[in-house]
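Notes for the one structure printed next.
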Amino acid sequence: MGLLSPPDSPFAPPSFLFTLIYHPVTSLFTFIHYLSLSLRGAPYKPPKNKIPIRVVCLSDSHSKIPAKAIPRGDVLIHAGDLTNNGTLRSIQQTIDWLKTMQKPWPGSADGFRHIIVIAGNHDSYFDERSRSAQDTRYPKRKLDWGRIHYLQHSSVSLSFPDDRVLKVYGAPQIPKVGGKEHAFQYPRGQDAWSNTVPDDVDILITHNPPKWHLDLAQNGGMGDEHELREVWRVKPTLHAFGHVHSGHGSESVWWDDGQRLFEEFLAKAYNKPAETLESHRLPLTELFDIPLWLLGFKCTAADIRGLLWTYLWGGARQGGFMVNGALTYRTTEKLRNNPRVVVL
Ligand SMILES: *[C@@H]1O[C@H](CO)[C@@H](O)[C@H](O)[C@H]1NC(C)=O
């Protein structure tokens, strides 16, 4: 891939230079938005006088075990794509690895207190429509989860010291990515999300990213817009997902005008009809997109109001975190990304 040519796969990020030349205005306002998010500090602080809870997020390990040890914590989340071929046997191999990281007994110093897993599109066994012929032939075979929680359109309340409880909900559905061997697919554009997540969840786990968040926005955003709307409705303290390997990372979310306008801005910049895509225009033409500039300034003004709110008025409102924990690096098959840790 040349530095100035578009990415060769929708899952591969364009080069920095490509983005800068074809999206100079978008790059500028994206930089300003993330700068203001980092100046604002942590969007959520654990309750005072209680022991903070460390949550370690991973996903997309695809039947491999990372070379580096997984960081220590209280909760371990695997947000799907445990395997490549999705057979019961390969899923069990990943479960067996995860089990080795659980506390052997409740008072033990080592290991995670709780481990939570959801399925990804590669984990075919979990969806009867995508199950392999081999697994269909032996329907009596079952997975051995031990004390790991598996969530599929279901929730669990986890207990911690100091009487803390976190409610976690998990959902695997994903806009279509491939053939029938992929699990839990629905046609892109269909609303598979509205009013599906309980109002009171603290942690939401999905395999698919919400639109415009850690979902490779530069390529038009592989996330789902209905999912984003549902996340806005519920406002979880932590939303953990994966699927889009190149979107790996963490983001602060404040559920305010700054965030809403930035999502609108990215939709305007990257969600384009085919005739206005990079391949059909000259470099730097974005500089003449006056409506995009105006929306960018609106977004920056909202971000500054948010900063002032946080610093001058103490900002009592709390936001949360979005985490794409994909361990697989971009379009390679190597586990080169690190797990992300969030403190709740
Ligand atoms: C599926 O993957 C597992 C783990 O990588 C491997 O042991 C198994 O042979 C694979 N099965 C098939 C049918 O490819």
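Read the figures in this text as sums done on the coordinates, not as results from a lab. No experiment lies behind these values; they were computed from the predicted model shown. All Cβ positions, even for glycine, are placed from backbone atoms using ideal geometry, and neighbour counts span all protein chains on display.
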Using Cα pairs under 8 angstrom and six or more residues apart, how large is the relative contact order of the chain, in percent?
24
P(r) of the chain in 10 Å steps, Cα pairs, percent per bin?
5, 24, 32, 25, 11, 3, 0
Approximate spin-label separation residue 331-residue 163, in nm, with each point projected 7 Å along Cα-to-Cβ
5.4
Long pairs among 211/298; 48/68; 50/211; 68/142; 211/268; 272/298, criterion Cα-Cα beyond 23 Å:
48/68; 50/211; 68/142
Residue-ordered couplings for segment 225-231, obtained by feeding phi - 60° into the Karplus form 6.51 cos²θ - 1.76 cosθ + 1.60 and rounding to whole Hz (Gly and Pro as x), are 6, 6, 4, 4, 4, 5, 5
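How do 290, 148, 118, 53 rank when sorted from fewest to most other Cβ atoms within 10 Å of their own Cβ?
On the way: 290 9, 148 19, 118 31, 53 23.
Ascending Cβ contact count within 10 Å gives the list 290, 148, 53, 118.
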Per residue of segment 158-171, what does 6.51 cos²θ - 1.76 cosθ + 1.60 with θ = phi - 60° give for ³J(HN,Hα)? Whole Hz please, x for Gly and Pro, Karplus curve as stated.
9, 9, 9, x, 6, 6, 8, 9, 10, 8, 10, 10, x, 9
If contacts are Cα pairs under 8 angstrom and at least 6 residues apart, what is the relative contact order of segment 42-154 in percent?
25
Sorted by chain and number, the residues with a modelled amide H under 5 Å from that of residue 170, at a separation of 5 or more or across chains, are 153, 154, 205
Only Lys, Arg (+1) and Asp, Glu (-1) charged, at Cβ; segment 93-250 dipole about Cα centre in debye
420
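Could you work out [θ]222 nm for the chain from helices alone, using -39500 (n - 2.57) per DSSP H run of at least four and dividing by all its residues? Round to the nearest 500 deg cm²/dmol.
Working: 7 runs with 88 residues, N = 344.
Rounded to the nearest 500, it is -8000 deg cm²/dmol.
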Under the rule of at least 5 residues apart or a separate chain, name every residue whose amide H is placed under 5 Å from the amide H of residue 120.
81, 82
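Magnitude of the Cβ-charge dipole of segment 1-122, K/R +1 and D/E -1, about the Cα centre, nearest 20 debye? Provide the component values of the computation, followed by the final result.
Numbers: 12 positive and 6 negative charges, 135 e Å.
For this selection, approximately 660 debye.
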Which percent, to the nearest 5, of DSSP beta bridges fully inside the chain are antiparallel?
40
Label-to-label distance, nm, for residues given as residue 108 and residue 69 (7 Å Cα→Cβ offset):
1.5
Is there a quick way to get the dipole size of the chain? I mean about its Cα centre, with the Cβ of Lys and Arg at +1 and of Asp and Glu at -1; what is the value in debye to the nearest 20?
940
Quote the relative contact order of segment 159-259 in percent (integer), defining contacts as alpha-carbon pairs under 8 Å separated by 6+ residues.
26
Here the net charge surrounding residue 141, from other residues whose Cβ is less than 13 Å away from its Cβ (Lys, Arg +1; Asp, Glu -1), is +3
Tabulate in residue order the Karplus-calculated ³J(HN,Hα) for segment 77-94, using 6.51 cos²θ - 1.76 cosθ + 1.60 with θ = phi - 60°, rounded to whole Hz; enter x for Gly and Pro.
10, 10, 8, x, 6, 5, 9, 9, 9, x, 6, 3, 4, 6, 4, 4, 4, 5
Tell me, how many Å apart are the Cα centres for segment 198-254 and for segment 9-65?
11
Contour excess over end-to-end distance, with Cα ends at residue 8 and residue 49 and 0.36 nm allotted per residue:
9.7 nm
